[in-house]
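Just below is one structure, and these are the notes that go with it.
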Amino acid sequence: MNFELIYWDHSYNTILALNLVIIIGLFTSLRLFSGTISHIDASDELLKKDNPAFGISLAGATFALAILLSGTIYGDMEQNLMESAISVGLYGIIGIILMAVTRVIFDKVALPKIILRDEIAKGNIAVAIADAANVIATSLIIRAVMVWIDKNSISAIGVFLAIFAISQIILTLMTVLNIQLFKRMNKGRYIQDELLKNNKALALSFAGKKIATALAITIASELVVYEIYDIAPALVAWVAVSLIFIIILKILSYIAEKIILFGINTVHEIVEQKNIAIGALKAVIYISMGILLAEI
């Protein structure tokens, strides 16, 4: 192998090693952190009760944390050792706190009829799937914002929090809209009630739409120009781009679903038959369209 084709600046080794230590420290603290904010003994749920719902919820949070932390180390290496450590550690901790906040929003605002902690402790897999999708969706948005902002600037933290708040409002509104559309299309039925009945097919479909919506929101980080000294127009642009691409996502996903699942009454299969296969396919269709749209 011709090693002259590989470029590596060894002056970054110390910074990279320290960042890796911080990232691993934050990542491995998840099990304790997750149990603490949920007031659930993780070891008891995983080892004694063999609770699959808690396992799914924790797996979702673990994956979400990995996505989130990847955003803390993104960017150039122009900072010195101390600045880099502070930046990675600070944004990592803020990101973890925001994940906890979004779980509260999801629990109290988006799905007020469901107490996530209690249902997961009972072993409700459908609720666990919805919970996992929520934190994964949030982590995708948080990572996109981390990549978008200039983390070398203290004032960027305010922008970071502002974009997070805006994105959470959009994500929550889309979830509420999805719930209302489901109610109209299913003669007064509620998504919350189906989740409480452990309808895994519906949970998968719901999760797919949630993650896909987050992917559509992240497109704003690629199209909106970051300008720290004139951030108001950028915030407005972020909202506009997010909403436009969410609409485009819905249209493309609807078309793809009709083609791929041609002749199948997906509502009947998911709601009445609780067909997990159809629910999973519908979720993948939405997420796939979100990924493709984000990469165009």
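The values are calculated or read from the model by the stated rules, or taken from the named source; none is laboratory data. Not measured: the values here are computed from a predicted model. Here the Cβ positions follow ideal geometry from the backbone for every residue, glycine too, while neighbour counts run over all protein chains shown.
Among the listed residues V284, V267, V271, which satisfies the condition of being farther than 19 Å from I141 by Cβ, modelled with pLDDT of 95 or more and part of a helix (DSSP H, G or I)? Break it down stepwise before answering.
Details: V267 fails: modelled with pLDDT of 95 or more; V271 fails: modelled with pLDDT of 95 or more.
Within the list V284, V267, V271, the selection yields V284.
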Please work out which one of (1) part of a loop (DSSP other than H, G, I, E, B); (2) among the small types (G, A, S); (3) buried (at least 22 other Cβ atoms within 10 Å of the Cβ) is the condition A212 fails and give its number. (1)
Looking only at residues in the range 109-163 that are of a type in the set (D, E) and surrounded by 22 or more Cβ atoms within 10 Å (Cβ to Cβ), which one is nearest to L196 (Cα to Cα)? E119
Mind checking which residues of the range 231-263 are surrounded by 13 or more Cβ atoms within 10 Å (Cβ to Cβ) and not in a helix (DSSP H, G or I)? L261
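Can you tell me which residues in the range 274-296 are surrounded by fewer than 14 Cβ atoms within 10 Å (Cβ to Cβ) and not β-branched (V, I, T)? Give the steps one after another, and end with the answer.
Taking the range 274-296 as the starting set, the residues that turn out to be surrounded by fewer than 14 Cβ atoms within 10 Å (Cβ to Cβ) are 277, 291-292, 295-296.
Within the range 274-296, A277, L292, E295 qualify.
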Pair list, Cβ under 6 Å, 6 or more apart: the range 60-72 residue at positive phi, other residue outside any helix (DSSP H, G or I): none
Which numbered condition E78 misses (of (1) at pLDDT 70 or above; (2) assigned to a loop (DSSP other than H, G, I, E, B); (3) among the acidic types (D, E)): (1)
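Conditions (1) of a type in the set (D, E, K, R); (2) farther than 21 Å from L65 by Cα; (3) in contact with a Gly (Cβ under 6 Å, 6 or more places away or on another chain), marked per residue:
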| site | (1), (2), (3) |
| --- | --- |
| P112 | no, yes, no |
| A130 | no, no, no |
| V147 | no, no, yes |
| L173 | no, yes, no |
Counted residues, the range 190-203 - those being loosely packed, with under 15 Cβ neighbours inside 10 Å and modelled with pLDDT under 90: 0
